[in-house]
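What follows is a set of notes on a single structure, which appears directly below.
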Amino acid sequence: MITRVKHKDITWIDIKNPRDKAVKYLEKKFDFIHEPVLNELIPPGHRAKVERHEEYLFMVLYYPIFDPRHKTTQSRELDVIITKDHIITVHYKTILPLNKLREELGANEEKRGEYMEDGPGMLLYHLVVGLLDSALNKLVLIEENIDEIEEAIFEEGKEKEMVREISLIKRDVLNFRRILAPQIPIMESLHREGTSFFGDFMSPYLDDLLGYYGRVWNAVEDQRETVQALAETNDSMLSMKINEIIKVLTIFSVIVFPLTLISSIWGMNTEYTPFVDEFGSPFDFWLIIGLMVILSAFMLIFFKIKKWF
């Protein structure tokens, strides 16, 4: 599907889910675009880039989106070709910030003048800002999830549940980071090649894009470190809980062992049993039980003095 937004001599052509017909259209209308570049529009690629050609710039960017079904962040590819009077965007799936900008420009003539009056470079600037702003909003949602996990970690009995929740959000942050990391040098290349292609007047705007991208990247790095710290905290609390359980079981085993030994000794089927055969009485059973109780109480008092529980 091909959508156009035009303002004076500047045209934005947006192509969603491109097919051979769309590529043929671009090849015919823009005969200066090289065949290898057109071939990269189909199928989707896997590497961000900025290429400077004599009459145009070619960019491949990746935009992070959240997939609620799999509870993780995935990437959307956006191919951009910028000429002196056209900006061409090509993507396979819906990119909401792109749709929002296109609809806004299509309905608002004043916005078209503001974003397109000074050439396709300004439109590219606002397009990338929209993508980065949307990515930053997604990070705000991740931050809220991190805050919820941080509170839940210290609730009694939620340690095991938090292992899964932390793993999911850690995967989300790492996927977000994996999408953004390769594009750091791409934004630097855009600043260099864009200033050369559009003119020096675009330098402050491209500087702003670099700074904006840096803020998004720093937010991702902060979240990665925070999630890692939460994972370590939760692991420590889970280990402490397991250690407490093991300690109780160990104390129980230590107390039961001598009692089991005593009952085993006096339960042996032998001809002569010390104490019972010599001093046997109707109260033998209760005497032995009493001995066991005294021994158990002594051991509990000893453990308490040692502060083992």
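The values are calculated or read from the model by the stated rules, or taken from the named source; none is laboratory data. Predicted model only: the values in this text are computed from it and were never measured. A quick note on method: Cβ atoms are made from the backbone with ideal geometry, for glycine too, and the neighbour counts reach across all protein chains shown. Heavy atoms of the whole protein, side chains included, go into the accessibility calculation; ligands, DNA and RNA do not. Shrake-Rupley method; radii C 1.70, N 1.55, O 1.52, S 1.80 Å.
Does LEU206 fit the bill of being over 30 Å from PRO68 (Cα atoms), touching a Leu at 6+ places or on another chain (Cβ under 9 Å) and in a helix (DSSP H, G or I)? In short, yes. Within the stretch 34-58, the residues that satisfy the criterion of being open to solvent by less than 20 Å² (accessible area, probe 1.4 Å) and more than 18 Å from ILE184 (Cα to Cα) are VAL37, LEU38, LEU41, TYR56.
Looking across the stretch 136-152, not a single residue is open to solvent by less than 50 Å² (accessible area, probe 1.4 Å) and either out of contact with any helix residue (DSSP H, G or I) (no Cβ under 9 Å at 6 or more places or on another chain) or closer than 25 Å to PHE197 by Cα (or both). Before we move on, is GLU244 out of contact with any Ser or Thr (no Cβ under 7 Å at 6 or more places or on another chain), within 17 Å of ILE146 (Cα to Cα), part of a helix (DSSP H, G or I) and open to solvent by 80 Å² or more (accessible area, probe 1.4 Å)? Considered against the rule, which asks whether it is out of contact with any Ser or Thr (no Cβ under 7 Å at 6 or more places or on another chain), within 17 Å of ILE146 (Cα to Cα), part of a helix (DSSP H, G or I) and open to solvent by 80 Å² or more (accessible area, probe 1.4 Å), GLU244 comes out as no.
Residues are listed down the side, and each one gets a yes or a no for (1) modelled with pLDDT under 80; (2) over 30 Å from LEU61 (Cβ atoms); (3) open to solvent by 50 Å² or more (accessible area, probe 1.4 Å):
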position	(1), (2), (3)
VAL163	no, yes, yes
LEU174	no, no, yes
ARG178	no, no, yes
SER196	no, no, yes
GLY199	no, no, no
ASN218	no, no, yes
ILE262	yes, yes, no
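The set of residues in the stretch 93-135 being under 23 Å from the mean Cα position of the chain (by Cα) and open to solvent by 50 Å² or more (accessible area, probe 1.4 Å) consists of LYS93, THR94, LEU96, ASP133. Restricting the stretch 8-27 to residues that are modelled with pLDDT of 85 or more and farther than 25 Å from ARG76 by Cα leaves a set whose member that is surrounded by the most Cβ atoms within 10 Å (Cβ to Cβ) is ILE10.
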